[in-house]
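These notes concern the structure reproduced below.
The values are calculated or read from the model by the stated rules, or taken from the named source; none is laboratory data. This one's a predicted model, so the numbers in the text were calculated from it and none came from an experiment. Cβ placement follows ideal geometry from the backbone for every residue including glycine, while neighbour counts extend to all protein chains displayed. Accessible surface areas use protein heavy atoms only, side chains included; no ligands, DNA or RNA. Shrake-Rupley method; radii C 1.70, N 1.55, O 1.52, S 1.80 Å.
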Amino acid sequence: MESLEKSEETVSNHSQKLAGTVNWGTATVIGVFAGLFYGGSKEASASVSKDAEVMLKLGSTPDKREQYRMMRDAMEKRFIRVTWGSIVGGVRLGLFTATFCGIQNLLAEKRGVHDVFNVVGAGSATAATFGLI
């Protein structure tokens, strides 16, 4: 008796990634870090004028303890401002990047082709979404 061997085919549940599509996770992480850097630098440059106000107050205060307390409070506030700006900037740019790349990959998968219309559609949908927010 001969045994019949059946060839088994494996069925994949996910489709093949089209050439040229963006890796969603990598783009999101890069967007978050770019947003952290941008948000922190924006807040750091904005707080320069507030530091000048503190320096003016320091000159008018003769007590060294009071000057130290004012300087410490100003540096704490600046640190909190820059940190908060970094976090908010990272979240905003990360969400924007994740939305754009996700919609772009979704359009490429549903249409079966990667072309400029996916980028235009993803950009329009992302801009409309974040414009409403």
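Per-structure values
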{"item": "Residue tally, condition of a type in the set (A, V, I, L, M) and either in a loop (DSSP other than H, G, I, E, B) or open to solvent by 80 Å² or more (accessible area, probe 1.4 Å) (or both), over the range 23-32", "result": "1"}
{"item": "Pairs with Cβ under 7 Å, 6+ apart, first in the range 86-115 and within 19 Å of Phe37 (Cβ to Cβ), second open to solvent by 40 Å² or more (accessible area, probe 1.4 Å) and of a type in the set (Ser, Thr, Tyr)", "result": "Gly89/Tyr38; Leu93/Tyr38"}
{"item": "Any hit, the range 85-94, residues being farther than 30 Å from Val120 by Cα and out of contact with any Asp or Glu (no Cβ under 8 Å at 6 or more places or on another chain)", "result": "no"}
